[in-house]
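Below is one structure; the comments refer to it alone.
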Amino acid sequence: MSSKLIRGTFILTLGTFISKFLGLFYVIPFDRLLRGHEEGASLYQYGYVPYTIFLTVATAGVPLAVSKFVSKYNAIEEYAVGRRLFKSGLLLMTITGIVSFLIMYAFAPIFAEMTIKSDDQVITVAQVTTVIRAVSFALIIIPFMSLIRGFFQGYQSMGPTALSQVVEQIVRIIFLLGGIYVVLNVMNGTVTTAISVATFAAFIGGIASLVVLIWYWFKRKPQLDELMLEDKGQVQVSLRSMYKEIIAYSVPFIFVGLANPLFQLVDQITFNTAMADIGNARVSDHAFAVLNFYTHKLVIIPVSLATAFSMTLIPLITTSYTSGDRKTMRRNIDQTFQILLFLTVPAALGIALLAEPTYTMFYHSDALGTSVLRAYAPVAILFSLFAVTAAILQGIDEQKFTIFSLLVGLLLKLSLNIPLIKLFETEGAVLATSIGYAVAILINLYVIKKYARYQFRLIIRRTAFIAAINIVMAVVVLAIYWLLVKFLNPASGFQSIFIVAICGGIGGLVYFYISMRSRLADKLFGDRITRLRSKLRIG
């Protein structure tokens, strides 16, 4: 695998992981601050799902499309083309951001009515409307900021994106938690006001991120200007042609970015209806928060690696595809699949095996939370595979199939959600999501096989071997867990920490040892692991 893929993925993975890590752990004090206001988490999520969809449409997939576009013309030393696009794109993103904000703010009552299906629910339409309007302000600034990230990624410079993500998350969380505390404990305000302040934190975090990116721009501008001096100037592309190409790139990015939010939106507009039909309207808001907020925060952590890979893959695969270097392209794809499965599968399996103490450790003891997390954790593997396969399709210019696969997956989710929720309640929504994603991934894999002429024989063998290692690890973890629960209570927040740390630590060591002993880690990560294995005298 190329050094640029490793370095870029490492930087972006680190930044994304830290951002996701912070995005997970802020939920612990968030949950504590809302004790006595259990509807707060549901209210927060009801506002955030529409916001995420509007944000994806507002950016129109342009950041990643710009990354691909800039990378393409940089590969042939036509740097001026990407610079012109960048300048005009900033204006476009400002306009789309403002327009999206106005639409979301104006239509907030309609979105709220689509969410609240019964008068027996704890949360009202007016509360949801207020929260949606509060979070909509972030649309003004985030698209503009995201375009700058995409420009840097086109130069395969992942540092600005990684650092700005972390700063954005830190500032957002500080404002969010501080705002909730002040409203509820100092001002004695309502939970609606507190959650409105919490969602407005997205706007404050966006400003902080933009400051970081502007600093990077002035720091890197001399180097970028030097590259402009090397510009061949042989390709003249009009702005109209640029945007035509960008739109062609962007549409698939929109759908990929919308994948998870759209699946969550299906839950938001159908979950309460299905729960009300089976007489569970009173607990519907809490169950929705468990599904799409609490457990989702835990499940999405292993997916951060896939997100980083997909963002790094696009410019690299585009470059090798444009230059006709199919061998390098296939090698990058091959290595990415293997490393993705090697890291994501044990993480998802570990969360599922330790669902009760994990949920208790982060939030509080909850039977519903435990059962949903146990069912939901393996879906992280599907989330990861969809992100990476979609990125590969975009890299080989077969992005139209990404749209098709996602639409098929969403149609299955929409068709199955209400029947499965009526049968299995909250776990039914998880099952419908799993089926939708699985079918979408199979379609993507078929297209990769056909158009990239990619052979899956090696991946199938490695996947089987990785599965075998995980089975051994799971047996060990379950045995230790069985012993520990004789002395420790997984329903206790403090004791659950020890259970997770001991089981997770030993399970990780078993997985590490077998992968080193079998030399699988050497094949995936190269000479550095070989030297480490020699130092540790393993094998």
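The values are calculated or read from the model by the stated rules, or taken from the named source; none is laboratory data. Since the model is a prediction, treat every value here as computed from it, not as a measurement. In this analysis, Cβ positions are derived from the backbone assuming ideal geometry, glycine residues included, and neighbour counts consider all displayed protein chains. Only protein heavy atoms, including side chains, enter the accessible area calculation; ligands, DNA and RNA are left aside. Shrake-Rupley method; radii C 1.70, N 1.55, O 1.52, S 1.80 Å.
Using a 1.4 angstrom probe, figure out how much accessible area segment 157-238 has per residue, in square angstrom, rounded to the nearest whole. Numbers along the way, then the final one.
Details: 4020 Å² over 82 residues.
I get 49 Å² per residue for segment 157-238.
Can you give the local net charge around Thr344? Use residues other than it whose beta-carbon is closer than 15 angstrom to its beta-carbon, Lys and Arg +1, Asp and Glu -1. Walk me through the intermediate numbers first.
Working: positive: Lys20, Arg462; negative: none.
With Lys, Arg at +1 and Asp, Glu at -1, the net is +2.
For Ile110 and Ile471, compute 0.36 nm times the residue count separating them, minus their Cα-Cα distance, and round to one decimal in nm. Write out the running numbers ahead of the final one.
Numbers: separation 361, 0.36 × 361 = 129.96 nm, distance 4.81 nm.
Length gained, Ile110 through Ile471: 125.2 nm.
Heavy-atom surface analysis with a 1.4 Å probe gives the chain a carbon and sulfur content of 67 percent of its accessible area.
Which chymotrypsin sites (Phe, Trp or Tyr not before Pro) from segment 443-539 combine a DSSP loop assignment with at most 10 other Cβ atoms within 10 Å?
Working: sites: Tyr446, Tyr451, Tyr454, Phe456, Phe465, Tyr481, Trp482, Phe487, Phe494, Phe498, Tyr511, Phe512, Tyr513, Phe525; in loops: Tyr454, Phe456, Phe487.
Loop-located and lightly packed - Phe487.
The alpha-carbon atoms of segment 443-539, seen along their principal axes, cover 55, 40, 19 angstrom, with the largest extent given first.
Selection among Tyr363, Leu382, Pro346 by position relative to the dipole of segment 329-444 gives Leu382 as farthest towards the positive end (Cβ unit charges, Cα centre).
With +1 assigned to the C-beta of every Lys and Arg and -1 to the C-beta of every Asp and Glu, and no other charges, what is the dipole magnitude of the chain about the Cα centre in debye, to the nearest 20?
Values: 45 positive and 27 negative charges, 447 e Å.
In debye, rounded to 20, the chain gives about 2140.
With a Förster radius of 25 Å applied to the C-beta separation of Thr94 and Met228, the computed FRET efficiency comes to 0.55. Dividing the radius of gyration of the alpha carbons in segment 257-388 by their Kirkwood radius gives 1.10 for Rg/Rh.
Estimate the FRET efficiency between Leu239 and Lys486 by the formula 1/(1 + (r/R0)^6), using the beta-carbon distance for r and 56 Å for R0, to the nearest 0.05. If you can, show how the numbers build up before the last one.
On the way: r = 70 Å, r/R0 = 1.24.
It comes out at approximately 0.20.
Please express the shape of the chain as an equivalent ellipsoid: the semi-axes are the square roots of 5 times the eigenvalues of the C-alpha gyration tensor, given largest first in whole angstrom. Please list the in-between numbers first.
Numbers: eigenvalues 253, 197, 96 Å².
Ellipsoid semi-axes (Å, largest first): 36, 31, 22.
Taking 7 Å steps out from each Cα toward its Cβ at Ile538 and Asn185 produces label points 4.4 nm apart.
In summary, the convex hull built on the alpha carbon positions of segment 97-187 has an orientation-averaged projected area of 7.9 nm².
Near Val125, within a Cβ-to-Cβ distance under 12 Å, what is the net charge of the other residues, with Lys and Arg +1 and Asp and Glu -1? Mind showing how you got there, number by number?
On the way: positive: Lys117; negative: Glu113, Asp119.
Local net charge: -1.
Of the residues Ser164, Val191, Gln236, the one whose Cα sits farthest toward the positive end of the charge dipole of segment 163-237, with +1 on the Cβ of Lys and Arg and -1 on the Cβ of Asp and Glu, is Val191.
What is the magnitude of the charge dipole of segment 14-144 about its Cα centre, with +1 placed on the Cβ of each Lys and Arg, -1 on the Cβ of each Asp and Glu, and no other charges, expressed in debye to the nearest 20?
Working: 10 positive and 8 negative charges, 123 e Å.
That gives a dipole near 580 debye.
Between segment 485-503 and segment 159-220, what is the separation of their alpha carbon centroids in Å? About 33 Å separates the Cα centre of segment 485-503 from the one of segment 159-220.
Short-range pairs are left out: with C-alpha atoms under 8 Å and at least six residues apart, the relative contact order of the chain is 18 percent.
Which is the longest run of the chain containing none of the trypsin sites (Lys or Arg not before Pro) found in DSSP loop states (not H, G, I, E, B) with at most 16 other C-beta atoms within 10 Å? Don't skip to the end; give the middle numbers.
Details: sites that count: Arg35, Lys232, Arg453, Lys486, Arg519, Arg537.
Result for the longest clean stretch: 233-452.
For segment 427-491, the solvent-accessible area with a 1.4 angstrom probe is 54 square angstrom per residue. Once the C-beta distance of Thr124 and Arg84 is scaled by a Förster radius of 35 Å, the resulting FRET efficiency is 0.10 to the nearest 0.05. A viscosity of 1.306 mPa s and a temperature of 10 °C, combined with the Kirkwood radius over Cα pairs in Stokes-Einstein, give a translational diffusion coefficient for segment 21-133 of 93 µm²/s.
Excluding Gly15 itself, calculate the net charge of residues whose Cβ lies under 11 Å from the Cβ of Gly15, where each Lys or Arg counts +1 and each Asp or Glu counts -1. Working shown, then result.
Numbers: positive: Lys20, Arg149; negative: Glu168.
It works out to a net charge of +1.
Once the Cα-Cα distance is subtracted from the 0.36 nm per residue extended length, the Phe218 to Ile247 segment shows a gain of 7.6 nm.
Work out, in µm²/s and without decimals, the Stokes-Einstein translational diffusion coefficient of segment 374-425 at 10 °C, 1.306 mPa s, Rh from Kirkwood over C-alpha pairs. Approximately 126 µm²/s, per Stokes-Einstein.
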